[in-house]
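Some notes on the structure that comes next.
The values are calculated or read from the model by the stated rules, or taken from the named source; none is laboratory data. Since we're looking at a predicted model, the values are computed, not measured. All Cβ positions, glycine included, derive from the backbone under ideal geometry; neighbour counts span all protein chains shown.
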Amino acid sequence: MKFTKMHGLGNDYLFLDGFQDPALARRDDYPALALAMSDRRLGVGADGIIVLQKPGEGRPYEFAMRIFNADGSEAEMCGNGLRCAVKLLVERGHVRLSERNRLRMHTGAGVLEAEARFGEDGLVDTVTIAMGKPSFALPAIPVDTSRIAVLREVGPATEFAVGEETGVAVSVGNPHFVCFRETPVERFDLARFGPLLEKHEAFPKRINVHIVNVLGPGRLRMRSWERGAGMTTACGTGACATLAAAAATARCGRSAIIELPGGELFIEWDEDSGLIHKTGPATHVFDGDWPEPGAPVGPGKRLDTARLVLRPLSWSDVPEVQSHMNDPEIARCTLTIPYPYPPGEAARFMRRALRQTADGAGVFYAIEKRDTGELVGTMGYRIEPEHKRAELGYVIAGPSRGRGYATEAAQRMIDHAFEDLGLEKIFASWFTANPASGRVLEKAGFRVEGTQAGHIRKGEEMCDHCLVGLTRSQWLERRKKATP
């Protein structure tokens, strides 16, 4: 799958061009794709992905876009991403500009208008976006007013405290909390306070956090912690929110240059129309190819049994894994899997599996029926390389339980551990209130090593915990006895 990496003042995104690839419109795995592609260590690396789509017939805009943050969550809009989208589509000839070099786009925050400006090379140099009208209405942002302490009302804005931090909340299609400080923004511990404020109970849908210095009537300096992306070098919507909050509280005029770590943006709040306009650059970085869905999350070999195929998990498994895990019986029998299973949790699991596999700390397999290819469960090892041991874990989907699939897959995984992975011991555990898991593991060849009474807290209950294990020598002895 082809993608294009672009950035606006260092706020970088991976663009998927639905004009070139109409099949993108039929995909439903964008949260998982954003997690995989955005990972700066194991993926391409970006603050998220942006999907560009053709408009339906008769729509009052030239293109539509969807934005997915690096954590897989979907965002309403991104000012830096909007500028990059305009540059990409105009330069590829996918969209036509009006006589005034303008076009319209559909975002999660509604339809917006942009104006492209060209450099001497004929390419788009800067883009101005009409970002809409800012809103200071706390319920609409939203802000839970029972969780804040109002300090003062200034015109349309409300200045309030959240814990020890004070600021102004404003929406420009997405929510922002703007904190004005005398201390230079570079000295503020944004890496610590950013995530605390983003996820504070006062902000039910989470929020973007900005620390701002007023340098003069027409110049502000800011740093941003973006919802779902973390610390970024620039936040276009955040710059608009900052100008609106500063102007509304009489800290600056209705236009200003905003200094961000990645560069400068010019923001203007038009008094007549009430619209905020943002002007800044957009930069193409490179084009690339991403492996198609179905590529495994890490190295591994196919493992076969009489009825099953065990293959490395892939990102395309995320929807089925998400569905399988949303099961109260799985939550009852495991320690950390919740019910209901939160949206996006399977994608987060896949991301952790990817990292552990890359670090040599795990292998993870999908369990399929050999005859139909139906996914019936997952199984894997969490490996401790320094001790040459690993813990086996598995989940079987509800309709496939009680058919011996777990035992059959576990027997093959045991051989895999000693034949291919070079391990000296494998182990597993189960709650004594779940004897079915104990029977599966013992049938597969594990030996009971003991029970820890009242050892693990699950909810409000202290549970007995049974340990089973198998060493290489025990495995070899077992194989020797099984050989005629």
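Being under 20 Å from the mean Cα position of the chain (by Cα) and not aromatic (Phe, Trp, Tyr) is the requirement here; does PRO399 meet it?
The answer is no for PRO399.
Hey, among VAL95, VAL150, VAL143, VAL44, which residue is assigned to a loop (DSSP other than H, G, I, E, B), over 19 Å from ILE267 (Cβ atoms) and at pLDDT 95 or above? Please lay out each step first, then the result.
Working: VAL95 fails: at pLDDT 95 or above; VAL150 fails: assigned to a loop (DSSP other than H, G, I, E, B); VAL44 fails: at pLDDT 95 or above.
Unique residue meeting the criteria: VAL143.
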- Candidate set from segment 60-92 (those that are more than 18 Å from THR283 (Cβ to Cβ) and small (Gly, Ala, Ser)); member that is modelled with the highest pLDDT: ALA64
- Tally the residues that are surrounded by 24 or more Cβ atoms within 10 Å (Cβ to Cβ) and either closer than 22 Å to ALA358 by Cα or touching a residue at least 60 places away in the same chain (Cβ under 8 Å) (or both), restricting the search to segment 38-69. 4
- Message: For the condition surrounded by 18 or more Cβ atoms within 10 Å (Cβ to Cβ) and in contact with a Pro (Cβ under 9 Å, 6 or more places away or on another chain), what is the one hit in ALA244, ALA282, ALA229, ALA239?
- Response: ALA244
- Item | Residues located in segment 328-344, provided they are under 19 Å from ALA70 (Cα atoms) and surrounded by fewer than 14 Cβ atoms within 10 Å (Cβ to Cβ) | PRO342, PRO343
- Note on the structure: Filter segment 247-272 for residues that are touching a residue at least 40 places away in the same chain (Cβ under 8 Å) and part of a loop (DSSP other than H, G, I, E, B); the one that is surrounded by the fewest Cβ atoms within 10 Å (Cβ to Cβ) is ALA250
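Residue by residue, here is whether (1) surrounded by 17 or more Cβ atoms within 10 Å (Cβ to Cβ); (2) outside the structural domain of ARG332 (by TED's automatic domain parsing); (3) part of a helix (DSSP H, G or I); (4) out of contact with any Pro (no Cβ under 7 Å at 6 or more places or on another chain) holds:
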| residue | (1), (2), (3), (4) |
| --- | --- |
| ALA409 | yes, no, yes, yes |
| ASP415 | no, no, yes, yes |
| TRP430 | yes, no, no, yes |
| VAL440 | yes, no, yes, yes |
| HIS455 | no, no, no, yes |
| HIS465 | yes, no, no, yes |
| GLN474 | no, no, yes, yes |
- Message: Condition check: touching a residue at least 24 places away in the same chain (Cβ under 8 Å), more than 18 Å from ARG332 (Cα to Cα) and surrounded by fewer than 19 Cβ atoms within 10 Å (Cβ to Cβ). Does GLU449 satisfy that?
- Response: no
- Query: Applying the selection to segment 171-217, what residues are surrounded by 20 or more Cβ atoms within 10 Å (Cβ to Cβ) and either over 24 Å from the mean Cα position of the chain (by Cα) or not assigned by TED's automatic domain parsing to the domain that holds MET231 (or both)?
  - Reply: CYS179, PHE180, VAL185, VAL212
- Note on the structure: Only unsatisfied item for SER224, checking (1) buried (at least 19 other Cβ atoms within 10 Å of the Cβ); (2) touching an Asp or Glu at 6+ places or on another chain (Cβ under 8 Å); (3) part of a strand (DSSP E or B), is (2)
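Can you tell which of GLY119, GLY155, GLY110 is touching a helix residue (DSSP H, G or I) at 6+ places or on another chain (Cβ under 8 Å), loosely packed, with under 14 Cβ neighbours inside 10 Å, under 22 Å from GLU268 (Cβ atoms) and of a type outside the set (D, E, K, R)?
Numbers: GLY119 fails: touching a helix residue (DSSP H, G or I) at 6+ places or on another chain (Cβ under 8 Å); GLY110 fails: touching a helix residue (DSSP H, G or I) at 6+ places or on another chain (Cβ under 8 Å).
Answer to the selection: GLY155.
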- Message: Anything in segment 345-373 that is under 18 Å from GLY422 (Cβ atoms) and either exposed (fewer than 14 other Cβ atoms within 10 Å of the Cβ) or β-branched (Val, Ile, Thr) (or both)? List them, or say none.
- Response: THR357, ASP359, GLY360, VAL363
- Message: Could you check segment 18-32 and list, in sequence order, the residues that are touching a residue at least 60 places away in the same chain (Cβ under 8 Å) and either surrounded by 24 or more Cβ atoms within 10 Å (Cβ to Cβ) or small (Gly, Ala, Ser) (or both)?
- Response: ALA32
